[in-house]
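The values are calculated or read from the model by the stated rules, or taken from the named source; none is laboratory data. From a predicted model like this one, the values you see are computed outputs, not experimental measurements. Methodologically, a virtual Cβ is constructed for each residue, glycine included, from the backbone with ideal geometry; neighbour enumeration extends over all protein chains shown. Side chains included, ligands, DNA and RNA excluded: accessible areas come from the protein's heavy atoms. Shrake-Rupley method; radii C 1.70, N 1.55, O 1.52, S 1.80 Å.
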Amino acid sequence: PLAGRFGFRAEYNENRPEVHALYRDWRSIADSYEPPRLLLGETWVGDIARLASFYGSDDELQLAFNFPLIFARFDADDLASVVDRTLAALPAGGCPVWTASNHDIDRFPSRWCGGDQAKIKLALLVLTTLPGTLVLYYGDEIGMTSVTIPPEASRDTFGGTSARPSRDRARTPMQWDGSATAGFTSPGVVSWLPVGEPAGCNVAAQRDDPASVLTLCRELLRLRRERVAQASPRYERLAAPSGVWRYAAGAVEVAANFTGQPATLPDPPDGQVLVSTGECGKAERAVLAPWQGVIFARAR
């Protein structure tokens, strides 16, 4: 199965000590191919030291999902703390994986951002500028929110409770256009789960809108390829006012305001503004609007 074009998924009793021997066996098989195959783990652990253990000595998984980041509060210190602790815990050469949504939990535009466009853009700006590997869940790039699923329409075999809502809320069809079927199926064809509200959030409406989440996401990914992913992976948190996460990563510097109030940078970068989630003129570059993020060019 490792040689398959689309990879494979395996279930194993989580967090048992013998899983590491299994991963080492799989890694040796994966490395035997030309080119070597990649092992990415859906590593459901809340402890970063345990997360780091899945990398072994560069002989187990190459990549492991960082669930401590997913379940952190949408807060500058909480998120920065997870990043700091992750980078400190991973073995030499270990590549962190940053993601904020998946098929088992609420989408981050709902869970972190409450559907607020400024917060969604800020989250994407931070995710795309952290050193390591970025994973976007389908719909993240347009800010798709979770969908309330009527019990009779649910397909989640685990069902849903008040303590653990149905996972189907994050599994609804991708919203390609504003039609009743969101462009996911032909007109009149009923999808396996109900469509959300495609009229307000879809690819077709955002594709040519310069202020859309999709346009920003494409620009962030372009910048990541040019200045973050190909630059030195070194990450350094920088001094900033309360509620602001400021850091250097590769060839960029990021300032992200995680508050509902304007924030002033005491020593604003003098590098070129590469991307901003809001207005950022030269005279105002020292002041971040509420929930605004800015990426500056940084000397290599």
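Computed quantities for the displayed model
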| item | result |
| --- | --- |
| Segment Glu279-Asp78, length gained on full extension (0.36 nm per residue, minus Cα span) | 69.8 nm |
| Dimensions (Å) - region 27-108, Cα atoms, principal axes, largest first | 42, 28, 18 |
| Mean Cβ count within 10 Å, highest first, over the residues of peptides 117-130, 205-218 | 117-130, 205-218 |
| Carbon and sulfur %, accessible surface of region 143-219 computed with the full protein complex present, 1.4 Å | 58 |
| Under 5 Å, built H, 5+ apart or other chain: amide partners of Val97 | Ala64, Asn66, Thr133 |
| Packing-based ranking, highest mean first, of 39-50, 173-184 given that Cβ atoms within 10 Å are counted | 173-184, 39-50 |
| Distant alpha-carbon pairs in region 42-183 (separation over 26 angstrom), percent | 30 |
| Separation of the Met174 and Asp59 label points, Cα + 7 Å toward Cβ, nm | 3.9 |
| Nonlocal amide H pairs with Val287, under 5 Å, H built at 1.01 Å | Leu265 |
| Sequence ranges 244-254, 19-29, ranked by mean other-Cβ count within 10 angstrom, highest first | 244-254, 19-29 |
| Within the chain, helix-based [θ] at 222 nm, where runs of 4 or more DSSP H residues each add -39,500 (n - 2.57), nearest 500 | -6500 deg cm²/dmol |
| Segment Leu40-Ala239, length gained on full extension (0.36 nm per residue, minus Cα span) | 68.3 nm |
| The chain, relative contact order [Cα under 8 Å, separation at least 6], % | 13 |
| Cα-based shape type of the chain, given that a ≥ b ≥ c are square roots of the gyration tensor eigenvalues and the cut on a/c is 1.5 | oblate |
| Estimated vicinal HN-Hα couplings, Hz - region 98-108 in sequence order (Karplus 6.51, -1.76, 1.60; Gly, Pro = x) | 10, 8, 10, 9, 7, 6, 10, 9, 4, 4, 5 |
| Alpha-carbon centroid distance for the pair region 236-295 / region 30-77, whole angstrom | 29 |
| J(HN,Hα) series, region 263-273, from Karplus relation 6.51 cos²θ - 1.76 cosθ + 1.60, nearest Hz, glycine and proline x | 10, 9, 7, x, 9, x, x, 9, x, 4, 6 |
